[in-house]
Amino acid sequence: AAGVIQSPRHLIKEKRETATLKCYPIPRHDTVYWYQQGPGQDPQFLISFYEKMQSDKGSIPDRFSAQQFSDYHSELNMSSLELGDSALYFCASSSGGSLDTEAFFGQGTRLTVV
Amino acid sequence: GQSLEQPSEVTAVEGAIVQINCTYQTSGFYGLSWYQQHDGGAPTFLSYNALDGLEETGRFSSFLSRSDSYGYLLLQELQMKDSASYFCAVISQGNLIFGKGTKLSVKP
């Protein structure tokens, strides 16, 4: 069965550079969530989209932006990268704009800022 | 605000039973989920409770008491492969809010 696909799996960037993370949800899922997980930390909600519109916003820095495209894939754009942005970034998808049963997570993108 | 409390670490031996508790404080509560995460891996769904009571899925069971804002995950017949972090997560206003996670170590 198709799962949530994230790319790239690993990314190394220098401080002040930009990065773009991509997420391809499970087919027919219309809702995407982005999470940031630092080492030894719990996943922190960043932002979510339902039917290509932003549905909720969490602890996402102003330096980050995201969008969901017509094919429902989503991209997280990160600018002016800081060392503290080094983390595992997960994307999750669901259908119907809710998480009332199960969220399917991608394998994550490990971003390292040096 | 929203907060979830769960123990940071639990250790048990193979074949044993372990219970991981979770208390929460949140607005707009819809349900409590549990996720397992191995080091470097993605969170994977274990169970979901929207109503009070016990949900059983194989060796894993989850319980919810909405009046007490409390739930637990019960793992039976522990295996070495169960060593992982376990997160309770509240579904609130359409989003999953995770607890800090409980690191379970299963010893031979």
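Please determine, by comparing only the residues of the stretch A:24-41 that are of a type outside the set (Gly, Ala, Ser) and assigned to a loop (DSSP other than H, G, I, E, B), which one is nearest to A:His73 (Cα to Cα).
For the stretch A:24-41, the residue satisfying everything is A:Pro25.
Give the stretch A:9-23 a look and list any residue that's more than 11 Å from the chain's Cα centre (by Cα) and either within 14 Å of chain B (Cβ to nearest Cβ) or not in a strand (DSSP E or B) (or both), or say none.
Those that are more than 11 Å from the chain's Cα centre (by Cα) and either within 14 Å of chain B (Cβ to nearest Cβ) or not in a strand (DSSP E or B) (or both): A:Arg9, A:His10, A:Glu14, A:Lys15, A:Arg16, A:Glu17, A:Thr18.
Residues are listed down the side, and each one gets a yes or a no for (1) under 22 Å from B:Gln79 (Cα atoms); (2) touching a helix residue (DSSP H, G or I) at 6+ places or on another chain (Cβ under 6 Å); (3) assigned to a loop (DSSP other than H, G, I, E, B):
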residue: B:Leu4; (1), (2), (3): no, no, no
residue: B:Pro7; (1), (2), (3): yes, no, yes
residue: B:Val10; (1), (2), (3): yes, no, no
residue: B:Ala16; (1), (2), (3): yes, no, yes
residue: B:Thr23; (1), (2), (3): no, no, no
residue: B:Tyr30; (1), (2), (3): no, no, no
residue: B:Tyr35; (1), (2), (3): yes, no, no
residue: B:Gly41; (1), (2), (3): yes, no, yes
residue: B:Ser47; (1), (2), (3): yes, no, no
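Could you pull out the residue among A:Asp62, A:Asp85 that is away from every other protein chain (no Cβ under 14 Å), surrounded by 15 or more Cβ atoms within 10 Å (Cβ to Cβ) and at pLDDT 90 or above?
A:Asp85
Return the pairs, sorted by first residue and then second, in which the second residue is among the β-branched types (Val, Ile, Thr) and open to solvent by 10 Å² or more (accessible area, probe 1.4 Å), the first residue lies in the stretch B:30-47 and is more than 8 Å from chain A (Cβ to nearest Cβ), the beta carbons are less than 6 Å apart, and the residues are 6+ apart or on different chains.
Within 6 Å, the pairs are B:Gln36/B:Thr44; B:Ser47/B:Thr57.
The values are calculated or read from the model by the stated rules, or taken from the named source; none is laboratory data. The structure displayed is predicted, hence computed values, not measured ones. Because the Cβ atoms are built from the backbone with ideal geometry, glycine has one as well, and the counts that use them run over all protein chains shown. These area figures cover heavy atoms from the full protein model, side chains too; ligands, DNA and RNA do not enter into them. Shrake-Rupley method; radii C 1.70, N 1.55, O 1.52, S 1.80 Å.
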